[in-house]
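The values are calculated or read from the model by the stated rules, or taken from the named source; none is laboratory data. Owing to the predicted nature of the structure, the values given are computational and were not obtained by experimental measurement. Cβ placement follows ideal geometry from the backbone for every residue including glycine, while neighbour counts extend to all protein chains displayed.
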Amino acid sequence: MFMKQLSVFVENKQGALAKVMAMLSDNGINMRAVSIADTQDFGILRIIVKEVDKAKAILKESRVIVSVTEVVGVEIPDTPGSLSKVLSVLDEGQVNVEYVYAFVTPGKSESAYMVVRAGDNVKATEVLNAAGIHTLTQEDLEAML
């Protein structure tokens, strides 16, 4: 029903982010989308990957704090106003959006993909689908990567 996002705790110090990225890269994990929110002392790295369980295990083995969070994936036309429409539908459906970030995939130039973390992912999915907006599951993501 949802896509899976890795949420990784990263200290806000030189080289910490590079170390996490190297762990994933060295093990063949390709990131589809990445976002980081930081404070003075730490950041939360949010990533979308095909092999969620493998990536999580690699990070945990290196004692990196990581969790899996369910997020709503949304396929939208790669045109001006598409994100605004999604956000308006969610607002009209009284769904709070906690954060959002985007990615595109090679070969699908007409589409963009939004990662949405809503206060209520189930309601967000229902509202979007009722408005004819296509949501993605983890299986959909894996099939296109």
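State which residue is surrounded by the fewest Cβ atoms within 10 Å (Cβ to Cβ) when the search covers only the range 118-143 and only residues that are touching a Ser or Thr at 6+ places or on another chain (Cβ under 7 Å) and part of a helix (DSSP H, G or I). Out of the qualifying residues, it is N129. Listed by first and then second residue, the pairs linking a residue in the range 26-41 that is among the hydrophobic types (A, V, I, L, M, F, W, C) to a residue that is in a helix (DSSP H, G or I), with Cβ atoms under 8 Å apart and 6 or more places separating them unless they lie on different chains, are I29/K54; I29/A55; I29/I58; M31/L24; I36/L17.
Residues in the range 99-132 that are of a type in the set (D, E, K, R) and at pLDDT below 95 were compared, and the one that is farthest from K50 (Cα to Cα) is E110. Scanning the range 14-45 for residues that are within 21 Å of E61 (Cα to Cα) and not aliphatic (A, V, I, L, M) turns up G15, K19, S25, D26, N27, G28, N30, F42, G43.
Answer yes if at least one residue in the range 87-98 is touching a residue at least 40 places away in the same chain (Cβ under 8 Å) and of a type in the set (V, I, T), and no otherwise. Scanning the range 87-98 turns up at least one residue that is touching a residue at least 40 places away in the same chain (Cβ under 8 Å) and of a type in the set (V, I, T). Here S67 meets the list (1) loosely packed, with under 15 Cβ neighbours inside 10 Å; (2) without any contact (Cβ under 8 Å) to a residue 12 or more places away in the chain almost entirely, failing just condition (2).
Within the range 1-12, the set of residues being in contact with an Asp or Glu (Cβ under 9 Å, 6 or more places away or on another chain), surrounded by fewer than 17 Cβ atoms within 10 Å (Cβ to Cβ) and free of Cβ contacts under 8 Å to residues at least 60 places away in the same chain comprises E11, N12.
Here's the yes/no breakdown for (1) loosely packed, with under 15 Cβ neighbours inside 10 Å; (2) over 24 Å from E126 (Cα atoms); (3) touching a Phe, Trp or Tyr at 6+ places or on another chain (Cβ under 7 Å):
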position: Q40; (1), (2), (3): yes, yes, no
position: L45; (1), (2), (3): no, yes, no
position: S82; (1), (2), (3): no, no, no
position: G93; (1), (2), (3): no, no, no
